[in-house]
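**Student:** Handing you this structure, nothing more for now.
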Amino acid sequence: MHINLIGLEGIPLVKSGDNISEIIKEAILKQKYDIQDGDIILIAETLISKAEGNIIDLNKINASQKAIELAKICKKDPKLVEVILQNSNEVVEVGPNFIITETKHGFVCANAAIDESNVEDGLATPVPDNPDKSATEIRQYLEDEFNKDLAVIITDTQGRAFRVGAIGTAIACSGIEPLWVRVGEKDLYGRELETTEVATADELASAASLIMGQADEGLPVVIISGFYGFDALRNKKSNINPLIRPKEFDVFRK
């Protein structure tokens, strides 16, 4: 059993109004990659935000008093803190160089997932407004163009509460279920699984992140081919919601 990870080369620096679907199609053709049923296209969220014009000029932001007060604690630019607050439902925790919030999408992560990397100085990119919608539109376009059954996952880089370092994380999913519920299946000793649920979209995003990199690699799109669970998880109406833990079950946030 194996899967293949293919970094899609030739993706240009994207600007507002660019058609990501067409850019990915052209890159696949130029690379002469033979796309297959079950292939999963993973796309860095910054690419989506840039193309959709979802870019914030920090120089035009006026920091509120709350942002100024929080900035003193976390040692961040008050204007950036203001943007974090504007893109959050709730501030969960504040510490040195981080603000943990719940974003408007329901993700609990550092700094509302506002990204200052891979954009010009003074700019920042928030999470796309509706990443599931963006993923679905790209998937449908590529499926029509290549006549293949595909999935699209939009990825972000996020930290974890009890681990050092960031990993690739799924923030949108279209074409397959993001959560693989394996309750009722048997383990190697014939015991029935009672609670096992696998965050498959996050695992795929993390694998793709190894190819995308975090610096100047310039590979914001990765294709994963040969994932054995594609058929079991196939769902054209999927979204990221199954991975978002309801607040009432979040024992670390009260």
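**Student:** In a Gaussian network model over the chain where Cα atoms closer than 10 Å are linked, find which of TYR141, TYR189, TYR228 has the largest mean-square fluctuation.
**Tutor:** Highest fluctuation among the options: TYR189.
**Student:** On to the next question. If you put +1 on each Lys and Arg Cβ and -1 on each Asp and Glu Cβ, how big is the dipole of segment 36-124 around its Cα centre, in Debye rounded to 20? Can you show the working numbers first?
**Tutor:** Working: 8 positive and 15 negative charges, 101 e Å.
Dipole of segment 36-124, to the nearest 20 debye: 480 debye.
**Student:** About the Cα centre, and with charges only on the beta carbon of Lys, Arg (+1) and Asp, Glu (-1), how big is the dipole of the chain? Nearest 20 debye, please. Intermediate results must be reported in sequence, preceding the final value.
**Tutor:** Numbers: 27 positive and 41 negative charges, 133 e Å.
Dipole size: approximately 640 debye.
**Student:** Build a GNM of the chain with springs between Cα atoms under 10 Å: which of THR46, THR155, THR196 gets the top mean-square fluctuation?
**Tutor:** THR196
**Student:** Pick from GLU145, GLU120, GLU26: which is most flexible by mean-square fluctuation in a GNM of the chain where alpha carbon atoms under 10 Å apart are linked?
**Tutor:** Residue with maximal mean-square fluctuation among GLU145, GLU120, GLU26: GLU120.
**Student:** Any number yet on Rg/Rh for segment 61-149, C-alpha, Kirkwood? Working shown, then result.
**Tutor:** On the way: Rg = 16.4 Å, Rh = 14.5 Å.
Over the Cα atoms of segment 61-149, Rg/Rh equals 1.14.
**Student:** Still on this structure, please answer the following. Among PHE252, LEU142, THR155, flag the residue with its Cα farthest along the positive direction of the charge dipole of the chain, charges on Cβ as +1 for Lys/Arg and -1 for Asp/Glu.
**Tutor:** Result: PHE252.
**Student:** With θ set to phi - 60° and the Karplus curve 6.51 cos²θ - 1.76 cosθ + 1.60, what are the ³J(HN,Hα) couplings of segment 178-193 in order, to the nearest whole Hz, using x for Gly and Pro?
**Tutor:** x, 10, 9, 7, 10, 4, x, 6, 9, 7, 5, 9, x, 7, 7, 6
**Student:** Next up: Can you work out ³J(HN,Hα) from phi for every residue in segment 156-172, in order, using Karplus 6.51 cos²θ - 1.76 cosθ + 1.60 and θ = phi - 60°, giving whole Hz and x for Gly and Pro?
**Tutor:** After applying 6.51 cos²θ - 1.76 cosθ + 1.60, I find 9, 9, 9, x, 10, 4, 10, 9, 8, x, 9, 9, x, 9, 7, 10, 7 Hz.
**Student:** List, largest first, the extents of the alpha carbons of segment 138-181 along their principal axes, each in whole Å.
**Tutor:** Taking the Cα atoms of segment 138-181, the three principal extents are 43, 23, 11 Å.
**Student:** Right, something else. When N is the residue count of the chain, what does its C-alpha Rg come to as a fraction of 2.2 N^0.38 Å? Intermediate results must be reported in sequence, preceding the final value.
**Tutor:** Values: Rg = 19.0 Å, N = 254, 2.2 N^0.38 = 18.0 Å.
Here the answer is 1.05, to two decimals.
**Student:** OK, next. How large is ³J(HN,Hα), in whole Hz, for each residue of segment 57-69 in order, when computed from phi with the Karplus curve 6.51 cos²θ - 1.76 cosθ + 1.60 and θ = phi - 60°, using x for Gly and Pro?
**Tutor:** Using θ = phi - 60°, the values come out as 8, 4, 5, 9, 8, 9, 6, 6, 4, 4, 5, 5, 5 Hz.
**Student:** Would you please state the base-10 log of I(q)/I(0) at q = 0.21 1/Å for segment 171-254, with intensities from the Debye formula using one equal scatterer on every alpha carbon?
**Tutor:** Normalising to I(0) and taking log10 leaves -1.10.
**Student:** Still on this structure, I have one more. Taking +1 at the Cβ of each Lys and Arg and -1 at the Cβ of each Asp and Glu, which of ASN111, GLY190, TYR228 sits farthest along the dipole of segment 111-254 towards its positive end, judged by Cα position relative to the Cα centre?
**Tutor:** Checking the options against the dipole of segment 111-254, the answer is GLY190.
**Student:** As a test, work out the antiparallel percent of DSSP beta bridges whose residues both lie in the chain, rounded to the nearest 5. Walk me through the intermediate numbers first.
**Tutor:** Working: 34 of 39 bridges.
Bridges in the chain are about 85 percent antiparallel.
**Student:** If the cut-off is 21 Å between C-alpha atoms, which lysines fall inside it for LYS50, apart from same-chain ones fewer than 8 positions away?
**Tutor:** Those lysines meeting the cut-off are LYS15, LYS25, LYS60, LYS79, LYS104, LYS133.
**Student:** Using 7 Å Cα-to-Cβ label points, what is the GLN86/LYS237 separation (nm, one decimal)?
**Tutor:** According to this spin-label approximation, the distance is 3.6 nm.
**Student:** Return PHE107, PHE252, PHE98 ranked ascending by Cβ neighbour count within 10 Å, so the fewest neighbours appear first. Intermediate results must be reported in sequence, preceding the final value.
**Tutor:** Working: PHE107 21, PHE252 10, PHE98 16.
Sorted ascending by nearby Cβ count, the order is PHE252, PHE98, PHE107.
**Student:** Out of GLY53, ALA71, ILE84, whose Cα points farthest toward the positive end of the dipole of segment 38-94 (charges: +1 Lys, Arg; -1 Asp, Glu; placed on Cβ)?
**Tutor:** The listed residue farthest towards the positive side: ALA71.
None of the figures in this text is laboratory data; all of them are computed from the coordinates on show. Fair warning: this is a prediction, and the values are worked out from it, not measured in the lab. We place every Cβ from the backbone using ideal geometry, glycine too, and count neighbours over all the protein chains shown.
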